[in-house]
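A.B. asks: There's a structure below that I have some questions on.
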Amino acid sequence: MELFDLHCDTLTECLARSIPASDPTLGIYPVPGDDFPRRAQVFATFIPDELRGEAAYRHFLAQRETLLSQQKWISLCTSMEDAEKAFSERKIAGFLSVEGGAALDGRIERVGRIASLGVKLLTFTWNGECELGYGALSPDLPLKPFGLEVLSACEREGIIADVSHLSRAGFWSVAERATKPFVATHSNADAICPHPRNLTDDQLRAILNAGGLIGLNFHRPFVGEGEGTERLLAHIRHICRLGGEKQLCLGGDFDGSDQTVYPNAAGLAALYEAICIHENKELADGIFFDNANRFFSSQLS
Ligand SMILES: [Zn+2]
């Protein structure tokens with residue numbers, strides 16, 4: 001089993017608790033990932049809604065330093081060539097994302113700055129408001145003019161736009177203006193589990209039509225009631241019915257959820273096996289690694 005996951009909050013935990021990524025209490029356990037011959041992980045630098053301005057940017061920098069201090073196990077990558085090197089060294093290929101456009105502090109030149117620091121994905125908002133727009137708590141409010149400017153700048157700088165957490169109207173602002181594929185790193189299907197953080201069928205189709213990715217989230221309120229793996233299979237089947245079998249991935253939210261279906265990455269074998277048994281191995285391999293690998297290989301240069 002290989003693993004390419006689009007979202008974890010491990011850096012926030014490592015920073016807050018002064019622990020290394022190898023700590024066995026962490027969601028990304030086990031690190032190093034001997035269970036996974038190839039393992040890539042997008043590490044979010046999470047900006048809480050209480051942090052704004054220069055403090056938000058500094059919080060991003062601190063989390064990036066936390067990643068760089070873990071080079072024994074994790075290699076900061078900006079391309080799949082970097083990732084292949086990390087795999088050969090038995091390290092996790094770590095990609096950096098910023099979760100919350102507030103880190104830009106309202107300055108457009110910061111997009112180029114974070115790109116030069118290795119950031120490859122930007123989640124435009126968290127749940128609240130920032131300079132770019134509004135989160136899932138304000139579904140009817142679109143991106144602000146600065147958010148549209150940031151979208152263009154991201155496309156120029158090679159940063160992939162991430163619509164997870166964004167308001168529904170903000171999502172459509174991105175979908176209408178994007179000229180490159182955009183992704184939802186950690187969101188599920190609203191048709192299976194209605195929730196403002198999940199995606200309606202129209203939203204899922206828009207991501208698929210644009211060539212983007214959808215990362216399945218293991219946070220129970222987004223998965224739904226019942227046995228977790230079964231519910232996730234329902235999300236998988238639904239997104240596949242919409243044509244997503246080559247664009248569906250994992251975005252498990254490890255270390256970002258206290259109500260998770262799988263407490264850590266070691267537990268993912270249950271999901272992999274269930275997809276193999278109830279669907280097929282090709283789909284399991286696609287969701288666990290191949291789909292994200294193909295996308296990042298074509299989008300990161
Ligand atoms: Zn999140």
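Rule-based calculations on the coordinates, nothing more; no lab input. Since this is a predicted model, take the numbers as computed values, not measurements. Don't worry about glycine lacking a Cβ; one is built from the backbone with ideal geometry, like all the others, and counts go over all protein chains shown.
A.B. asks: What order, most packed first, do the peptides 240-249, 219-228 have when packing is the mean number of other Cβ atoms within 10 Å of each residue?
C.D. replies: Working: 240-249: 19.3, 219-228: 16.9.
Descending packing order for the listed peptides: 240-249, 219-228.
A.B. asks: Measuring from label point to label point, each 7 Å out along Cα→Cβ, what is the Asp49 to Arg294 span in nm?
C.D. replies: So the two model labels end up 3.7 nm from each other.
A.B. asks: Still on this structure, please answer the following. Treat each spin label as a single point 7 Å out from the Cα along the C-beta direction, and report the Ser301 to Ala269 distance in nm.
C.D. replies: 4.1
A.B. asks: When a/c is below 1.5 the answer is rounded, else prolate if a/b is larger than b/c, else oblate, so apply that to region 238-280 with a ≥ b ≥ c taken from the square roots of the Cα gyration tensor eigenvalues.
C.D. replies: Numbers: a/c = 2.75, a/b = 1.51, b/c = 1.82.
Oblate.
A.B. asks: Let me ask something else. Using only alpha carbon positions, build the gyration tensor of region 1-148, then give the equivalent ellipsoid semi-axes as the square roots of 5 times its eigenvalues, largest first, whole angstrom.
C.D. replies: Details: eigenvalues 161, 47, 40 Å².
Calculated on Cα positions only, the semi-axes equal 28, 15, 14 Å.
A.B. asks: Test of understanding: extend the Cα→C-beta vector of Leu117 to 7 Å, then name every residue of region 19-44 with backbone N under 11 Å from that spot.
C.D. replies: The answer is none.
A.B. asks: Using 0.36 nm per residue of separation minus the Cα-Cα distance, give me the extension gain between Thr179 and Arg17 in nm, one decimal. If you can, show how the numbers build up before the last one.
C.D. replies: On the way: separation 162, 0.36 × 162 = 58.32 nm, distance 4.00 nm.
Computed gain between Thr179 and Arg17 is 54.3 nm.
A.B. asks: While we're on this one: Is any residue of region 117-139 close enough, with backbone N under 19 Å, to a label point placed 7 angstrom from the Cα of Thr200 along the Cα-Cβ axis, and if so, which?
C.D. replies: Zone members listed by number: 134-139.
A.B. asks: Would you mind putting 162-171, 126-135, 86-95 in packing order, based on average other-beta-carbon counts within 10 Å, highest first?
C.D. replies: Working: 162-171: 26.0, 126-135: 22.4, 86-95: 20.4.
Result, highest mean first: 162-171, 126-135, 86-95.
A.B. asks: Also, quick follow-up: The chain: D in µm²/s via Stokes-Einstein (Kirkwood Rh, Cα pairs, 4 °C, 1.567 mPa s)? List each step's numbers first, then the result.
C.D. replies: Values: Rh = 18.7 Å.
The calculation lands on 69 µm²/s.
A.B. asks: Arranged from highest to lowest average of other beta-carbon atoms within 10 Å per residue, in what order do the peptides 47-54, 71-78 appear? Intermediate results must be reported in sequence, preceding the final value.
C.D. replies: Numbers: 47-54: 15.6, 71-78: 18.4.
Peptide ranking by packing, descending: 71-78, 47-54.
A.B. asks: Further question on the same structure: With both bridge residues required to lie in the chain, what share of the DSSP beta bridges run antiparallel, to the nearest 5%?
C.D. replies: Numbers: 3 of 32 bridges.
Taking every DSSP beta bridge within the chain, about 10 percent pair in antiparallel fashion.
A.B. asks: Relative to the present Cα-Cα distance, how much length would full extension add between Arg156 and Leu61 at 0.36 nm per residue of separation? Walk me through the numbers before you get to the answer.
C.D. replies: Working: separation 95, 0.36 × 95 = 34.20 nm, distance 2.19 nm.
The Arg156-Leu61 span can extend by a further 32.0 nm.
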